[in-house]
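Novice: Handing you this structure, nothing more for now.
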Amino acid sequence: MGVTFDDEFDDLAALAYQTAFRILGSRAEAEEVAQDTMTKAYIRWRRVHGHARPWVCRVAVNGALGVLRRRRDHEPHRPATHDSFQAGVANRVDLQRLLSSLSRRQRDVIALRYLADLPEADVAAELGISVGTVKTHTHRGIEILRQRLDATSPIEPAAESPGSATVERKEPTDV
């Protein structure tokens with residue numbers, strides 16, 4: 001008969017929660033997105049069971065991005081009271097904007113590689129593409145994200161060590 005929804009539920013629910021939490025930073029909202037994702041997976045199981053992991057990850061990403069969009073649209077602008085919280089919200093809104101600028105395939109690969117922590121071989125197997133294609137979409141997606149991030153916020157290499165891959169954001173100066 002094949003794999004049933006009940007057999008896969010725990011792994012898929014954990015993947016949906018993990019993916020949503022990395023985007024939202026809120027356990028309650030991530031749980032809600034994971035529940036919605038699993039409900040959709042159950043309803044569509046006949047069509048998605050062959051590619052359930054990438055489908056669940058994509059639906060969780062889209063659900064989390066929707067929560068961010070609604071959060072941004074419905075919250076009144078308030079002065080910053082908790083700098084770290086505000087910075088986290090701003091980063092998540094930036095992530096939502098940047099991810100939505102990628103092609104669907106690039107977004108799927110980036111989400112599975114970096115939000116769901118899957119290795120390249122697993123991403124390739126889940127999406128039904130070659131490892132080389134995963135590498136290509138990852139490289140191109142990351143390059144687009146870097147370009148868009150550079151356009152919105154200047155970044156320069158850290159001065160700690162020559163050849164270091166670490167980067168620091170330049171703080172805007174008042175002129």
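Novice: For the range 82-112, enumerate the residues that are assigned to a helix (DSSP H, G or I), at pLDDT 75 or above and surrounded by fewer than 16 Cβ atoms within 10 Å (Cβ to Cβ). Please lay out each step first, then the result.
Specialist: Kept after step one, since they are assigned to a helix (DSSP H, G or I), are these residues of the range 82-112: 83-100, 104-112.
Narrowing further to those that are at pLDDT 75 or above: 97-100, 104-112.
Correct list: 97, 100, 104.
Novice: All but one of (1) assigned to a loop (DSSP other than H, G, I, E, B); (2) of a type outside the set (Ser, Thr, Tyr); (3) modelled with pLDDT of 60 or more hold for residue 150; state the number of the condition that does not hold.
Specialist: Tallying (1) assigned to a loop (DSSP other than H, G, I, E, B); (2) of a type outside the set (Ser, Thr, Tyr); (3) modelled with pLDDT of 60 or more, residue 150 fails exactly one: (1).
Novice: Here's another thing I want to ask about it. I want to confirm something. Restricting to the range 23-47 and keeping residues that are of a type in the set (Ser, Thr, Tyr) and part of a helix (DSSP H, G or I), which single residue is farthest from residue 71 (Cα to Cα)? Can you show your working first?
Specialist: First, the residues of the range 23-47 that are of a type in the set (Ser, Thr, Tyr): 26, 37, 39, 42.
Add one more test, that the residue is part of a helix (DSSP H, G or I), and what stays is 37, 39, 42.
Numbers: 37: 19, 39: 22, 42: 27 Å.
Looking at the filtered set, the residue picked out is 42.
Novice: Checking residue 120 against (1) within 25 Å of residue 38 (Cβ to Cβ); (2) modelled with pLDDT of 80 or more, which test does it fail?
Specialist: (1)
Novice: Moving to a separate point now. From the residues in the range 130-140 that are surrounded by fewer than 21 Cβ atoms within 10 Å (Cβ to Cβ) and either touching a residue at least 12 places away in the same chain (Cβ under 8 Å) or in a helix (DSSP H, G or I) (or both), which one is nearest to the chain's Cα centre (by Cα)?
Specialist: Ranking the qualifying residues of the range 130-140, first place goes to 138.
Novice: Just the residues that are buried (at least 16 other Cβ atoms within 10 Å of the Cβ), over 18 Å from the mean Cα position of the chain (by Cα) and aliphatic (A, V, I, L, M), please, taken from the range 40-73.
Specialist: 41, 48
The values are calculated or read from the model by the stated rules, or taken from the named source; none is laboratory data. These numbers come from a predicted model, not from an experiment. Glycine gets a Cβ as well: all are built from the backbone with ideal geometry, and neighbour counts include every protein chain shown.
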